[in-house]
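Notes to accompany the following structure.
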There are 2 protein chains.
Amino acid sequence: MEYEEPLFFTVMQYAESAERAVVDMVSGNPDWGAPEGIREGLREYAERDGADFQYPPSAGLRELRERVAARRGVDVERVVVTNGGAMANTLGMARALERCPGDDVLMADPVYPYYPGKAEMLGGVQRFVPVDETGGLDPADVRAAASDETACIVVNTPNNPTGRVYRAETMRELVAIAEEYDAMLVSDEVYDHFDYTGEFTSALEFDSERVVVTNSFSKSFAVTGFRVGYAVLPDRDAPAARTRNMLTNVATSRPAQAAVLDALKTTDASYHEANRERLRDRVETFTRALDDAGADYTTPEGAFYVLAKFPDYPGTMANAKRLVDEAGVAGMPGEAFGDARSDWLRFALVTPRVETAAERLIRHFN
Amino acid sequence: MEYEEPLFFTVMQYAESAERAVVDMVSGNPDWGAPEGIREGLREYAERDGADFQYPPSAGLRELRERVAARRGVDVERVVVTNGGAMANTLGMARALERCPGDDVLMADPVYPYYPGKAEMLGGVQRFVPVDETGGLDPADVRAAASDETACIVVNTPNNPTGRVYRAETMRELVAIAEEYDAMLVSDEVYDHFDYTGEFTSALEFDSERVVVTNSFSKSFAVTGFRVGYAVLPDRDAPAARTRNMLTNVATSRPAQAAVLDALKTTDASYHEANRERLRDRVETFTRALDDAGADYTTPEGAFYVLAKFPDYPGTMANAKRLVDEAGVAGMPGEAFGDARSDWLRFALVTPRVETAAERLIRHFN
């Protein structure tokens, strides 16, 4: 396995070295600030006894697991707290490859770039299912790609980068395909608080022995650096996932777990609603600008990314850099996400300067 | 891979459910408290801007890596900050298995119980080299066990559970064996601040392309729950380790890194010296009691564990529980560490109640 500097670092570094203040629409770091419970949780933790600085339970602080279990409506033993959604996905995919006879890992194209690397690291074989022309993942296409070789289907809903929220019938069908082919569905739902349709459907809504749901507090509490996430596994798979988590990391960082637990207790729905409102406004501002710039785009149903295609401007790294230089806006080249959207650029709406970016893009493309 | 509740949980739970206040000599959690910089670092971090709550660099905060690199006398690019020593060892062993033609992972017996599980998880084959009768690892035995199948030699110095500090000639020879057999040496040095001989020798002292050194702040700063460690890899292996770290965890928890960084800046040598002094006293108290109890034991040269063998009292789980019930002292069964010391019990000296334990053991075995 060779080290590849992730493409988004390349674009961000390029943007930072530019002369004018480029609008960074590359990184997925929420800009609206963590809820106060995060700070308060850290402050309280800092004053505790040194014994509280020692190993937490390997599967996570009990109270944190219980709150997750209650929210997800599952038994607490099915919950493993992990070092971010990343480790939750590692556990889910590793378990699928270990339990299921096949080696194939099915992923949508465009894909969140960590999934293919993770599949390879875990000994899986990468298989991609291109989205349809609307940006949606058609379960019929997944079924056509599935075979006895399939160990794992990995999906992300709400989706990065397409912004799609998979509906109940899609999720039901994905679960059915996993069951049919002796595979597992890993449903990464880290953007579940950013659903603008009201139709987000967790894979946990289907009672299946073949479903792993992963999540994290990185986006929902605006603490991507804390690294607290979780996996919910079937009863029969949770023990193996706990073992792998223990053997890999021993446990998840305790100050971060304490802060997240405090935030879970003290943050009410209005925090999340305000963040959705802010994003709805940004989506409107930005897509209106894309209309004016003559771009094709998909209005996000969830998450906080917009895929856009400008006339005669394919989403290559060269064009992403050109956009930095000539328009002062940094977006991710679509080619970073695979082939299906390589003509597009992805813009993250987690910056207060969306309006500036919108104006610059209109000017540049007119 | 099946989930196994680690044996030490079994003993600790048993001890907790006992009627009298059992002296816990099972867990390896330092009891002397973290340096003030840890608390101060957390407090300061809690007041920072939300941007500081976002993803740190995947390989670790730059300043933390630089301080580690300076202390170890290596280029900063060779340092990867990890989720504790656990993830550092995962990276080292994974890299050895990936780079080297063989699949065998050589480990001392008795062994720190996570190593064999990790070797298996990473697709390696477990091979054990029993220590000699003094508890030392004889490099000649390692050489005899090495072959073209050897990918990795994993050692721990100062050693848990034997308390041995490997001398320069041993380390030099281990490095030579790794080089000779196209393998890598992973030297886990998490107890390097707990050396009572002055002769601790890091594997980094030998200029070799075959050496990975792992370490953590868990024991040295008494923050096992924070999960901040690091691996120092050869130049040619660092990129692959960074990739694996990124694909597995994305990054290491930032509040914990910030706290450790603050502690590195503000903690002077007297903190570590006081901890060593405290442990020297405990070693003396405890080994004197073992003499009085008629036990065989090895006086630790480093780390904070004592292996002891009582007459007609093999280190089985049954006897560990009997010791809880009858003497009010909880130790780890030697069988948890392999075959070579299955007749022994391991006692951790990280409790202020060492004297009470000493008295109880004398009474019990007389």
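Report whether or not A:Val80 is more than 13 Å from chain B (Cβ to nearest Cβ), within 29 Å of A:His272 (Cα to Cα), β-branched (Val, Ile, Thr) and in contact (Cβ under 8 Å) with a residue 12 or more places away in the chain. Spelling it out, it is not the case that A:Val80 is more than 13 Å from chain B (Cβ to nearest Cβ), within 29 Å of A:His272 (Cα to Cα), β-branched (Val, Ile, Thr) and in contact (Cβ under 8 Å) with a residue 12 or more places away in the chain. Annotation: of all residues in the stretch A:130-169 being under 18 Å from the mean Cα position of the chain (by Cα) and of a type in the set (A, V, I, L, M, F, W, C), the one that is farthest from A:Leu91 (Cα to Cα) is A:Val131. Residues in the stretch B:23-45 that are modelled with pLDDT of 95 or more and in a loop (DSSP other than H, G, I, E, B): 7 in all.
Just checking, how many residues over the stretch B:277-300 are open to solvent by 40 Å² or more (accessible area, probe 1.4 Å) and under 24 Å from the mean Cα position of the chain (by Cα)? Break it down stepwise before answering.
Quick first cut of the stretch B:277-300, residues open to solvent by 40 Å² or more (accessible area, probe 1.4 Å) only: B:277-278, B:280-281, B:284, B:288, B:291-292, B:294, B:296-297, B:299.
Okay, now just the ones that are also under 24 Å from the mean Cα position of the chain (by Cα), so B:277-278, B:280-281, B:284, B:296-297, B:299.
Final tally of qualifying residues: 8.
When B:Leu97, B:Leu122, B:Leu42 are checked against the criterion of being within 30 Å of A:Pro30 (Cα to Cα) and within 14 Å of chain A (Cβ to nearest Cβ), a single residue qualifies: B:Leu42. If the condition is being touching a helix residue (DSSP H, G or I) at 6+ places or on another chain (Cβ under 9 Å) and either of a type in the set (Lys, Arg) or open to solvent by 30 Å² or more (accessible area, probe 1.4 Å) (or both), then the stretch B:100-114 contributes B:Asp103, B:Tyr112, B:Pro113, B:Tyr114.
Those residues that are under 18 Å from A:Leu185 (Cβ atoms) and either at pLDDT below 95 or open to solvent by less than 10 Å² (accessible area, probe 1.4 Å) (or both), I need them from the stretch A:86-99; list them, please.
Residues satisfying the conditions are A:Ala88, A:Asn89, A:Thr90, A:Leu91, A:Gly92, A:Met93, A:Ala94, A:Ala96.
Among residues of the stretch B:314-341 that are closer than 18 Å to B:Tyr112 by Cα and open to solvent by 10 Å² or more (accessible area, probe 1.4 Å), those with a beta-carbon under 8 Å from a residue that is assigned to a helix (DSSP H, G or I) and of a type in the set (S, T, N, Q) at least six positions away or on a different chain give the pairs B:Met317/B:Thr10. Only one of the numbered conditions (1) of a type in the set (Ser, Thr, Tyr); (2) within 19 Å of B:Thr214 (Cβ to Cβ); (3) open to solvent by 60 Å² or more (accessible area, probe 1.4 Å) is violated by B:Thr134, and that is (2).
Conditions first: (1) within 12 Å of chain B (Cβ to nearest Cβ); (2) more than 30 Å from B:Met12 (Cβ to Cβ); (3) in contact with a strand residue (DSSP E or B) (Cβ under 7 Å, 6 or more places away or on another chain); (4) not in a helix (DSSP H, G or I). A:Phe8 passes all but one, so which condition is the exception? It is condition (4) that A:Phe8 fails.
Summed over the stretch B:255-273, the residues that are assigned to a helix (DSSP H, G or I) and free of Cβ contacts under 8 Å to residues at least 60 places away in the same chain give a count of 4. Elements of the type strands (runs of 3 or more DSSP E) sitting completely within the stretch B:138-250 and holding at least 3 residues that are touching a residue at least 60 places away in the same chain (Cβ under 8 Å) and crowded, with 19+ Cβ neighbours inside 10 Å: these cover B:184-188, B:211-216, B:229-232. Of the listed requirements (1) out of contact with any Lys or Arg (no Cβ under 9 Å at 6 or more places or on another chain); (2) open to solvent by 10 Å² or more (accessible area, probe 1.4 Å); (3) closer than 19 Å to B:Glu301 by Cα, B:Trp344 misses just one: (1).
The values are calculated or read from the model by the stated rules, or taken from the named source; none is laboratory data. Quantities reported herein were computed from a predicted structural model and do not represent experimental measurements. Counting neighbours? That spans all protein chains shown, and the Cβs are built from the backbone with ideal geometry, glycine included. The accessibility values were calculated without ligands, DNA or RNA, using every heavy atom of the protein model including side chains. Shrake-Rupley method; radii C 1.70, N 1.55, O 1.52, S 1.80 Å.
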